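Peer 1: Quick one: structure below, then a few questions.
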Amino acid sequence: MNAVTHIDPPETLSVSTLITQRRAAIDLITTTRAKMIRASLFANYLFRQHPFQPESQAVRQSWLTALQVQLDDLEQVCELMEGDNSRNSVHIDIATWIAGHAAMNHQTVQTLATMRTMTQALVDAAHRNDSNALERAIVAHHNFGRVHLFEAVTTFIDVLWSDLDENRNKEVERANATASAIDKTLRRLEHIGKHVRLVSLNASVEAARVGDAGRGLGVIAVEFKTLAEEIQRLAVTARADITSMERQ
C-alpha cells in the first residue's frame, strides 16, 4: 500500500503582506523592459569584436551568461502571465492575481511571448557564434522591444497598479468600519463597567447600613467592584491593541 503524501495548503497571506507581495510582482514585470534592453546590449557585445583588442573567451562567456539570465527572467514572467507557477516563484495568491489580469489582456501575453521567442533567437545565434543571424536577431529584438514590449508592459502594470490601489482602498474602508464597530462596542463596555461600579457602590452602602444582616450583600458588592475593574482593564487593553495595530 502506497503511503499518502500530505501536502499542506498554502499559507493565507495577511492583507499587508498580500499588498507588499503584489507590489513586488509588479516590480518583477516592470523590470522586464530594462532586462530586454540588457539582453540587446549583451547580444550586441557578443556581435561586436574589437579589431585590435579581441575580447577574451572568458569575457565573452560572461556576456553570454548575462544574456541567458535575461532570457530566464523573461521566461519566468511569461510563465506567470500564462498561469504557470510551477517554479513557485511567487505565492499562489499572487500568481492567480497576475494570471487573472493577464487572461483579460491577451495582447500583452502575446507580446511577451513574442519577445521571449526573439530573445531565445539572440541566445541561439550567440551560442552558434553566427554573426549574420545574431545581427538580424539584434535588430528585430531592439525594434520590437523599444515599441511593442514597452507599450504592452506599461499598459499592463498600469492595470495592476489600478487594481492594487482599488483593493487597498477597500481594505482601508473595511478596516475603518471594523474599527468604528469595535469602538462602539468598547464604549458600551465602558458604560456597563461604570454602571456595575455604581451598583457595587450602592450595594456597599446598603450593606454597611444594615450591619451584620448585610454581610452577604457586602460580598456581592465586592465581586461587582472586581468585575467593574476587570471590564475597565479589558477596555483599556483593547484600545491599546487597536492603537498599536494602527501604527503598524
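Peer 1: Which numbered condition trips up Thr20, out of (1) open to solvent by less than 70 Å² (accessible area, probe 1.4 Å); (2) part of a helix (DSSP H, G or I); (3) at pLDDT below 90?
Peer 2: (1)
Peer 1: Another question about this same structure. Would you please name the residue that is nearest to Met115 (Cα to Cα), looking only at residues in region 148-167 that are polar (S, T, N, Q) and open to solvent by less than 60 Å² (accessible area, probe 1.4 Å)?
Peer 2: My answer is Thr154.
Peer 1: Name every residue in region 29-48 that is of a type outside the set (A, V, I, L, M) and open to solvent by less than 20 Å² (accessible area, probe 1.4 Å), in order of residue number.
Peer 2: Scanning region 29-48 gives Thr32, Ser40.
Peer 1: Follow-up question, since we're still on this one. Quick test of your reading of the structure: Ala125 fulfils all but one of (1) in a helix (DSSP H, G or I); (2) open to solvent by 60 Å² or more (accessible area, probe 1.4 Å). Name the failing condition by number.
Peer 2: That leaves (2) as the condition not met.
Peer 1: While we're here: Say whether the condition of being in contact (Cβ under 8 Å) with a residue 24 or more places away in the chain, of a type in the set (S, T, N, Q) and exposed (fewer than 14 other Cβ atoms within 10 Å of the Cβ) is met by at least one residue in region 79-86.
Peer 2: No, because not a single residue in region 79-86 is in contact (Cβ under 8 Å) with a residue 24 or more places away in the chain, of a type in the set (S, T, N, Q) and exposed (fewer than 14 other Cβ atoms within 10 Å of the Cβ).
Peer 1: Which residue, of Arg209, Arg187, Arg146, is modelled with pLDDT of 70 or more, within 30 Å of Ala121 (Cα to Cα) and out of contact with any helix residue (DSSP H, G or I) (no Cβ under 7 Å at 6 or more places or on another chain)?
Peer 2: Testing whether each residue is modelled with pLDDT of 70 or more, within 30 Å of Ala121 (Cα to Cα) and out of contact with any helix residue (DSSP H, G or I) (no Cβ under 7 Å at 6 or more places or on another chain) leaves just Arg146.
Peer 1: Go over the candidates Ala102, Ala66, Ala95, Ala58 one by one and state the one that is surrounded by fewer than 13 Cβ atoms within 10 Å (Cβ to Cβ), at pLDDT 85 or above and in a helix (DSSP H, G or I).
Peer 2: It is Ala58.
Peer 1: Can you pull out every residue in region 69-78 that is out of contact with any Lys or Arg (no Cβ under 8 Å at 6 or more places or on another chain) and open to solvent by less than 20 Å² (accessible area, probe 1.4 Å)?
Peer 2: Answer for region 69-78, where residues must be out of contact with any Lys or Arg (no Cβ under 8 Å at 6 or more places or on another chain) and open to solvent by less than 20 Å² (accessible area, probe 1.4 Å): just Val77.
Peer 1: A further question follows. For region 129-138, enumerate the residues that are at pLDDT 90 or above, open to solvent by 80 Å² or more (accessible area, probe 1.4 Å) and either within 18 Å of Cys78 (Cβ to Cβ) or not charged (D, E, K, R) (or both).
Peer 2: Of everything in region 129-138, just one residue is at pLDDT 90 or above, open to solvent by 80 Å² or more (accessible area, probe 1.4 Å) and either within 18 Å of Cys78 (Cβ to Cβ) or not charged (D, E, K, R) (or both), namely Asn132.
Peer 1: So Ala238 passes all but one of these: (1) among the hydrophobic types (A, V, I, L, M, F, W, C); (2) out of contact with any helix residue (DSSP H, G or I) (no Cβ under 8 Å at 6 or more places or on another chain); (3) over 30 Å from Val109 (Cα atoms); (4) at pLDDT 70 or above. Which condition number does it fail?
Peer 2: Result: Ala238 fails condition (2) only.
The values are calculated or read from the model by the stated rules, or taken from the named source; none is laboratory data. Note that the coordinates shown come from a computational prediction; the quantities given were computed from them, not determined experimentally. Quick reminder, even Gly has a Cβ in these numbers, built from the backbone with ideal geometry, and neighbours come from all protein chains shown. With ligands, DNA and RNA removed, areas are computed over all heavy atoms of the protein, side chains included. Shrake-Rupley method; radii C 1.70, N 1.55, O 1.52, S 1.80 Å.
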